Amino acid sequence: MTRKTVRIAMNGVTGRMGYRQHLVRSLLAIREQGGLDLGDGTVLWPEPVLVGRRDHALKALAERHGLDHWSTDVDAVLADDSIDIYFDAQVTAAREEAIKKAIAAGKHIYTEKPTATGLAGALELARLADAAGVKHGVVQDKIFLPGLLKLKRLIDGGFFGKILSVRGEFGYWVFEGDWQSAQRPSWNYRAEDGGGIVVDMFPHWEYVLHELFGAVRTVQAHVTTHIPTRWDEHGKPYDATADDAAYGIFQLEGGAVAQINSSWAVRVNRDELVEFQVDGTEGSAVAGLRRCRAQHRSATPKPVWNPDIPLTESFRDQWQEVPDNEEFDNGFKAQWELFLRHVALDAPWHWDLLAGARGVQLAELGLKSSAEGRRLDVPELSL
Ligand SMILES: NC(=O)c1ccc[n+]([C@@H]2O[C@H](COP(=O)([O-])OP(=O)(O)OC[C@H]3O[C@@H](n4cnc5c(N)ncnc54)[C@H](O)[C@@H]3O)[C@@H](O)[C@H]2O)c1
């Protein structure tokens, strides 16, 4: 086996996503398994170069994980010819400019979503990357979740017949930060810093719906800020200028309708933090992050509406667990491996910056739909 090193500049690696999911659970996990076997006698060895604003924080991370390279000088890292890939998990508002610089430096690009704060910027990134001839990818982790992979298996196996509707419920209570600290960074609740649940979650819903059920053709959303004041990381109150809940209806190519509630101001009475119920003519399923349960038409009960008598059956118990039948890897790692293969071998890949722009487009149109109080078409994007 020949070992080939791929050097990856990781910007925003001290953040929640950058550290846990991308460094530890993805790139370091690939190193722990001995690298990525390309199947042609080569093993790809990811070499992270930690990039950020605080030297001491980067140094501490590097030391904790036995890494040799970190820098607070993004420009110097981008000027280094030995760096192959630029990865961005910074706060959303800082992303566009950094990716532009990385494209200009000829690096392949892999980035968290949303790729930019507006559609024009997101499309420009896609155009620039294509023009520069670099490879590019956007994190679309949800479709690699065990629950959604099992749901996809049901779809591919024809379980549903004609899919009629998708009902998504996402969210949990994010503490305000006064009497208990908030479990998400405060910039998420400030529009001026790139925050907001629509900008955060609609990009996910776009690719989940698109990949599993059909492209989104229209959007109608009601977006609101339920909690107007929150407390930041230093215990200081601030105005929550960004939306913290969005109630969206999406019409999909092929005729299905999806309705997804997203909220950071809801208490969980579900089995998982996100769940999708899919109803089809032949059967239905409920998929979460890890589990998926199904009910075939032949096993569908026939409830009769009568509030005068107590229920005699437990509807939830009538669903059948869809078995794993395989081992599921971490979704972020699975997508990193596909991207690295794409870079090294030109393996097929379609989660690119144009796909990322579709997510930004849906968020932008969702906000517009809510502001104008009407349903909007979602035009197909091209470069
Ligand atoms: N794929 C997913 O499921 C998922 C989930 C959460 C967040 N995200 C995305 O990942 C990105 C990072 O989110 P996070 O929750 O890890 O955020 P975070 O606040 O925990 O981390 C942000 C990172 O950006 C850096 N940074 C750079 N410029 C900054 C600035 N001006 N102000 C503050 N921090 C700055 C921070 O040092 C830190 O390393 C966001 O774009 C977000 O949309 C994706």
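Among residues of the range 35-52 that are in the same structural domain as Tyr86 (by TED's automatic domain parsing) and within 16 Å of the ligand (Cβ to nearest atom), those with a Cβ under 6 angstrom from a residue that is part of a strand (DSSP E or B) and hydroxyl-bearing (Ser, Thr, Tyr), sequence gap 6+ or separate chain, pair up as Val51/Ser71. The set of residues from the range 46-65 being touching a Leu at 6+ places or on another chain (Cβ under 8 Å), surrounded by fewer than 18 Cβ atoms within 10 Å (Cβ to Cβ) and not small (Gly, Ala, Ser) comprises just one member, His65. Residue selection: Asp317 fails the criterion of being assigned to a loop (DSSP other than H, G, I, E, B) and acidic (Asp, Glu).
Considering only the range 88-108, I want to know if a residue exists there that is under 19 Å from Arg341 (Cα atoms), in a loop (DSSP other than H, G, I, E, B) and either within 14 Å of the ligand (Cβ to nearest atom) or among the small types (Gly, Ala, Ser) (or both). Yes, the range 88-108 contains at least one residue that is under 19 Å from Arg341 (Cα atoms), in a loop (DSSP other than H, G, I, E, B) and either within 14 Å of the ligand (Cβ to nearest atom) or among the small types (Gly, Ala, Ser) (or both). Taken as a whole, the structure places Ile155 among residues that are of a type in the set (Val, Ile, Thr), more than 12 Å from the ligand (Cβ to nearest atom) and assigned to a helix (DSSP H, G or I). Which residues, taken from the range 1-34, are away from the ligand (no atom under 16 Å from the Cβ) and either in contact with a helix residue (DSSP H, G or I) (Cβ under 9 Å, 6 or more places away or on another chain) or under 19 Å from Gly331 (Cα atoms) (or both)? Selection gives Lys4, Val6, Leu28, Ala29, Ile30, Arg31, Glu32, Gln33, Gly34.
Restricted to the range 169-184, and to residues that are under 28 Å from Ala287 (Cβ atoms) and surrounded by fewer than 18 Cβ atoms within 10 Å (Cβ to Cβ), which residue is nearest to the ligand (Cβ to nearest atom)? Going through the qualifying residues, I end up with Arg184.
The values are calculated or read from the model by the stated rules, or taken from the named source; none is laboratory data. What you see is a predicted model, and the numbers here were worked out from it, not measured in a lab. Here Cβ is always computed from backbone atoms with ideal geometry, including for glycine, and neighbour counts include all displayed protein chains.
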